[in-house]
Structures are given as C-alpha cells and as structure tokens.
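Trainee: Before anything else, here's the structure in question.
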Amino acid sequence: MNEKDFAELAAGAALHALSPADERLFHDALAAHPEWADLVDDDVETVASLEAVAAPEFPPLDLRATLLAQIASTPQHGDDDSVAHHAESSGFSDAPSAAATGQSAESQPRAAAPRRWTRTIFALAACLALVVGVGFGAAALGGYLNRPAAVVALEQIQSADDAQQATVTLDDGGTATAHWSASEGAAVLVTDGIPAAAKGESYELWFVRGETPISAGVFDVEGGTATAALSGDMHAGDVIAVTVEQEGGSPTGKPTSDPFIVIPTA
C-alpha cells in the first residue's frame, strides 16, 4: 500500500466510515508505516474543526443520517480484495491457485487499489458543513440586517452615553416605557399589555413641547406589545404622550382626545 492509498483509508477512519475489513487494513498499514500518522492527525483535526464550526449553527438533525445514508448507498468494490488479503495472510484460500488454473502470475487480474470513495465523502462532509454554516449564518445575518427601524433606533439610544428611560403603569395593568437620548435626538416607546386599537382607530405618538403637541407618528400593537420610534427630533424636556385618534392619525395635526400615556423626560 502506498501513501495515497493510505490517505483514502485515513479519511474514512476520521469519518468513522470504514468497513471492518478496511478498518483492519488501516491499522495494519499504520503499524507498518508510523510515519503516516500525520495524515491521520490532520484528518481528525479537520473533522473536529468542521464539527466546531457547524455545531453552534444548529444544522438539521438528520444531516448526519443523510450523509451516512449516502455512504451506505455508495457502491463498494474493495471487499473481495480484503477477503483475498485475509485468506492469503491466514495461509489458505478456497480460491484456486494460479498453478491449478494454469494461469501465470502475469495473467492474473491485478488486485484493485483501496477504494477512493472515502476522500470523496470526506470532501462532501466538509462541503455540507460549510453550506450548513453559511446557510444558517446568512439567515442570522439577514435577520440582523432586517431588524425593524424601531428596534434599530432603540439599540442606538441604549448605546448612547446619555440614554435614559422611564416607565408608567396604566390603569388596566399595561406598561409603557419611554427610551430617549438627547445626544441622539431620538425616542422610542415600548408598550406591554396594552390592547390593540379598536377598528377604525390608531394610537398616535406626540412630543409635547411646552404647551405645543407635535405629532410623532402612529403605531400598532400586535400580541399586546409594541416598539415604536417617535418620528422627528426630540428636544430636552419634551413630554412623550399617546392618544387614541382616528385611523391614520389626527386629521388636524392636533390631539382630539386626552392622552392615556404621559411620560415626562425631565
């Protein structure tokens, strides 16, 4: 066996994919050629690194089973040679000898080299791990990049040195928390336990600057929660308020009802 043939077996051993006969060939060759141990170590390290990359990404649970099924369905052509090798090493064989058949050694079919499929499967495993890692990584990256604008604004406010927040509890048990940053000139309202607006109505946000209410957009509640960024620049001392208006917001640009959420920022 040459080094290239041994490399095939080493790849299969790293993947725990060798047949019993090939497993014996692998260990016999390694014992005869200890200088090839580096090939084994390299393949084992490669498999370990692939597992380390893929594991945090939670690949499909059936990935290993699918790979092993592919291995099982791959045609195997090396078992006869392994049996012949075993028979020769034990000193007897049921197969007729060259002398008995009248064939010379030159006319005997050459023994097939150890199978090549292990390196192919090894490469397939690496590709699958890479695809899974990239696929799940891309999904995570896509989710991060596609965050709602209000969530991005809230993260920016919370990372500001002058980030502040205040929470009020409503009569029905719901809560509303205002997050703001004067340096960012931005504010975000996070609500929990507040029902969705009635049909034909909307919740409208306001900056109350002194005695002047300034519309800061409308928002919807889904599943009892909402994260809404107030549009426009926030000024120091603004009061953040919410009123119930007709769907789409007040047509006059002024509140038409008393605010049910009022959060001072000063």
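Trainee: Within the stretch 163-176, how many residues turn out to be under 10 Å from I194 (Cα atoms), part of a strand (DSSP E or B) and either of a type in the set (K, R) or free of Cβ contacts under 8 Å to residues at least 40 places away in the same chain (or both)?
Mentor: Of the residues in that region, 1 qualify.
Trainee: From the residues in the stretch 18-33 that are assigned to a loop (DSSP other than H, G, I, E, B) and in contact (Cβ under 8 Å) with a residue 40 or more places away in the chain, which one is surrounded by the fewest Cβ atoms within 10 Å (Cβ to Cβ)?
Mentor: First pass over the stretch 18-33, keeping only residues assigned to a loop (DSSP other than H, G, I, E, B): 18-19, 33.
Remaining after also requiring in contact (Cβ under 8 Å) with a residue 40 or more places away in the chain: 18-19.
On the way: L18: 21, S19: 14.
The selected residue is S19.
Trainee: If A72 satisfies every condition in (1) among the aliphatic types (A, V, I, L, M); (2) modelled with pLDDT under 65; (3) surrounded by 13 or more Cβ atoms within 10 Å (Cβ to Cβ) but one, which is the exception?
Mentor: Answer for A72: the failing condition is (3).
Trainee: State all residues of the stretch 177-197 that are open to solvent by 30 Å² or more (accessible area, probe 1.4 Å) and either free of Cβ contacts under 8 Å to residues at least 12 places away in the same chain or in a strand (DSSP E or B) (or both); if no residue qualifies, say none.
Mentor: Initial filter on the stretch 177-197 (open to solvent by 30 Å² or more (accessible area, probe 1.4 Å)): 182-184, 190, 192-193, 195-197.
Once the filter is applied, which keeps residues that are open to solvent by 30 Å² or more (accessible area, probe 1.4 Å) and either free of Cβ contacts under 8 Å to residues at least 12 places away in the same chain or in a strand (DSSP E or B) (or both), the stretch 177-197 yields V190, D192.
Trainee: For a quick check of your reading of the model, give me the residue pairs whose first member lies in the stretch 237-264 and is closer than 13 Å to Y203 by Cβ, whose second is in a loop (DSSP other than H, G, I, E, B) and basic (K, R), with beta-carbon atoms closer than 6 Å and at least 6 apart or on different chains.
Mentor: Every condition considered, no pair remains.
Trainee: While we're here: In a strand (DSSP E or B), buried (at least 18 other Cβ atoms within 10 Å of the Cβ) and either acidic (D, E) or touching a Phe, Trp or Tyr at 6+ places or on another chain (Cβ under 6 Å) (or both) - does that describe any residue in the stretch 256-264? It would help to see each step written out before you state the result.
Mentor: Initially, the stretch 256-264 is screened for residues in a strand (DSSP E or B), giving 261-264.
Pick out the ones that are also buried (at least 18 other Cβ atoms within 10 Å of the Cβ) and you get 261, 263.
Okay, now just the ones that are also either acidic (D, E) or touching a Phe, Trp or Tyr at 6+ places or on another chain (Cβ under 6 Å) (or both), so none.
Checking the stretch 256-264: not a single residue is in a strand (DSSP E or B), buried (at least 18 other Cβ atoms within 10 Å of the Cβ) and either acidic (D, E) or touching a Phe, Trp or Tyr at 6+ places or on another chain (Cβ under 6 Å) (or both).
Trainee: Can you work out which of the residues in the stretch 157-176 that are open to solvent by less than 80 Å² (accessible area, probe 1.4 Å), farther than 16 Å from F207 by Cα and not β-branched (V, I, T) is modelled with the lowest pLDDT?
Mentor: Filtering first and then ranking leaves G173.
Trainee: Further question: Within the set of pairs 6+ apart or on separate chains, which have a first residue in the stretch 201-224 that is of a type outside the set (A, V, I, L, M, F, W, C) and surrounded by fewer than 18 Cβ atoms within 10 Å (Cβ to Cβ), a second that is at pLDDT 95 or above and in a strand (DSSP E or B), and C-beta atoms under 6 Å apart?
Mentor: E201/V244; G217/L205
Trainee: Right, here's the next one. Do you know which residues across the stretch 1-17 are in a loop (DSSP other than H, G, I, E, B) and open to solvent by less than 30 Å² (accessible area, probe 1.4 Å)? Working first, answer last.
Mentor: At the first step, the residues of the stretch 1-17 found to be in a loop (DSSP other than H, G, I, E, B) are 1-2, 15-17.
Scanning the stretch 1-17 gives a single hit, A17.
The values are calculated or read from the model by the stated rules, or taken from the named source; none is laboratory data. Small disclaimer: the values here were computed from a predicted structure and weren't measured. Positions of Cβ are generated from backbone atoms using ideal geometry, with glycine treated the same way; all protein chains shown enter the neighbour counts. Please note that ligands, DNA and RNA were not included when accessible areas were found on the heavy atoms of the full protein model with its side chains. Shrake-Rupley method; radii C 1.70, N 1.55, O 1.52, S 1.80 Å.
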